[in-house]
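Heads up: the structure comes next, in structure tokens.
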Amino acid sequence: MRLQGSPVPAEDEAGSAEARNSAGIPFGRKKTGRVNPFDYRNNELHAESVPLSRIAERYGTPCYVYSRAALTESWRAFDDAFAGRDHLVCYAVKANSTLAVLNLLARLGSGFDIVSGGELARVLAAGGDPRKVVFSGVGKSAGEMRQALSADILCFNVESESELARLEAVAAQAGKTAAVSLRVNPDVDPRTHPYIATGLKQNKFGIAYEDALDLYRRARTMRHLTVAGVGCHIGSQLTELAPFVSALDRMLGLADRLQAEGITLTHVDIGGGLGIRYRDESPPAVADYARALAGRLGNRAVKLLLEPGRALAGHAGLLLTRVEYLKHGRERNFAVVDAAMNDLLRPALYDAWHDVLPVVAASGGRVYEIVGPVCESGDFLAHARTLALREGDLLAIMTAGAYGMSMSSNYNTRPRAAEVMVDGAQAHLVREREALSELMAREMPLP
Ligand SMILES: *Cc1c(COP(=O)(O)O)cnc(C)c1O
């Protein structure tokens, strides 16, 4: 059966099941009035109007499923929140770098924040505008710099003195001028998971705040660089506004001191990091985030750059998986599913929590560890979830649109999952499941 071109009729709201996720939040309309892209209808979990069971039948599992409406809505909400001032939303490509996702955002007019030449190639292949690309990262190679200079990107977010010198040399060779912004380390505590905190003194990222002024003075004397802005990125999955406000204040203080020396910055880049709700977190609403930043910027004539990743893509995707085996033990019950840490690393890496929903709603059940087939005790997707399961059932690992597919690997020689984007009543395959032959294609035995 082919889903594409065979629309599934939308059912009305009255048909929705009285389902609740494991956090006890009823489905349907969220508090914000936005429609939930993944919702139960007639007891079955749908992506927009497409039943997830049909996606599993057609494309197999494990499979990432995205909602076009959710991605569009989250990008627009972010952009609209800053409508009152000069700004550019540069989606952080590493959150989800699938071409269809990038293309959708490019069509909406998004900019992009890249961290490698590979991500630049993806943005260009997806139709992104290089004049809206900023290039972050601590280890840009000379080759990546050349690639970005020839694409004419908007700005390099420079993270060290050595990088500044290398960029000057590469730009000179290429006969180009590079726009630069120094990524400063504002030394504010984002109060997030230590692996995703980046704005503290002990982190590898950015330039120490105390050193930034001198480096700007040097940058100004470099013939193939133009000083464009200042930026930071203090961490990911932040659930409070205060660290963003402190970081912005620090950067504006620096901008003022530079201005006094005749160095005018055209933009301030606050980075990404706005958190989302996976379980019971209460991250700031985008509107409040925008208001807090705008309040600090006042009427300064400076453009605001933003680099959200998770906040745009996280809620727009889920990972669809099938139960292979149930193991009911004396101590614990295991549900062995066909998705694993190679598909979704966040639980293994950060002990992250993702909601797990049955595709066919059912109440009661037992407490399960949801684990994958990979030979690692750290290979789990969720701990202690109460679910009524049978072998062969489908499960949805929710809020997996960001740092899911983009962090996946081939560990245990597992082909990477298929990806499907749903648009209303249609499901489009946007990435085929990898074939085993592709996994081995570049290897050769000894002569
Ligand atoms: C990862 C990253 C982002 C995006 O972070 P989110 O938490 O996904 O919003 C933005 N900027 C830089 C430099 C990053 O490294």
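Sorting 75, 353 from the fewest to the most surrounding beta carbons within 10 angstrom yields 353, 75.
In terms of the Cα gyration tensor, with a ≥ b ≥ c the square roots of its eigenvalues, is the chain rounded because a/c is under 1.5, prolate because a/b exceeds b/c, or oblate? Kindly include the intermediate steps, with their values, before the conclusion.
Numbers: a/c = 1.96, a/b = 1.68, b/c = 1.17.
Prolate shape, in that a/c is at least 1.5 and a/b is the bigger ratio.
Using a cutoff of 8 angstrom between alpha carbon atoms and counting only pairs six or more residues apart, the relative contact order for region 95-135 works out to 49 percent.
Dividing the mean sequence gap of close Cα pairs (under 8 Å, 6+ apart) by how many residues the chain holds gives a relative contact order of 19 percent. Report the one residue of 356, 436, 341 whose Cα lies farthest in the direction of the positive end of the charge dipole of region 323-447 (charges on C-beta: Lys and Arg +1, Asp and Glu -1; origin at the Cα centre). So the residue we want is 356. Dipole check for region 171-276: with +1 at the C-beta of Lys and Arg, -1 at the C-beta of Asp and Glu, and the Cα centre as origin, the magnitude is about 440 Debye.
Converting phi to 3J(HN,Hα) with the Karplus coefficients 6.51, -1.76 and 1.60 and the offset θ = phi - 60°, region 111-126 yields x, 9, 10, 10, 10, 6, x, x, 5, 4, 4, 5, 4, 5, 5, 8 Hz in sequence order, with x at every glycine or proline.
Under 5 Å between amide hydrogens, built in the peptide plane, is the criterion, and for residue 431 it picks out 419 among residues at least 5 positions away or on other chains.
The charge dipole of the chain, taken about its Cα centre with unit charges on the Cβ atoms of Lys, Arg (+1), Asp and Glu (-1) only, comes to about 440 debye. Based on DSSP H segments of at least four residues, each scored -39500 (n - 2.57), the chain has a per-residue ellipticity at 222 nm of -8000 deg cm²/dmol. Compared with the direct C-alpha span, the chain from residue 279 to residue 142 gains 45.1 nm at full extension, assuming 0.36 nm per residue. Taking the C-alpha atoms only, the angle from helix 142-151 to the longest principal axis of the chain is near 90 degrees. Remark: 375, 90 ranked as 375, 90, counting other beta-carbon atoms within 10 Å and listing the fewest first. Listed values for region 171-188 are Karplus-derived 3J(HN,Hα) couplings in whole Hz (6.51 cos²θ - 1.76 cosθ + 1.60, θ = phi - 60°), namely 5, 4, 4, 7, x, 10, 10, 9, 7, 10, 9, 8, 8, 8, 9, x, 6, 10, and x replaces Gly and Pro.
In debye, nearest 20, what is the charge dipole magnitude of region 69-310 about its Cα centre with +1 on Lys and Arg Cβ and -1 on Asp and Glu Cβ, if you could check? Can you show the working numbers first?
Working: 28 positive and 27 negative charges, 79 e Å.
With Lys and Arg at +1 and Asp and Glu at -1, about 380 debye.
Here the residues 263, 276, 55, ranked from fewest to most Cβ neighbours within 10 Å of their Cβ, fall in the order 263, 276, 55.
Each value in this text was obtained by applying a stated rule to the coordinates, not by laboratory testing. None of the values given here were measured: they were computed from a predicted structure. No Cβ is skipped: glycine too gets one built from the backbone with ideal geometry, and neighbour counts run over all protein chains shown.
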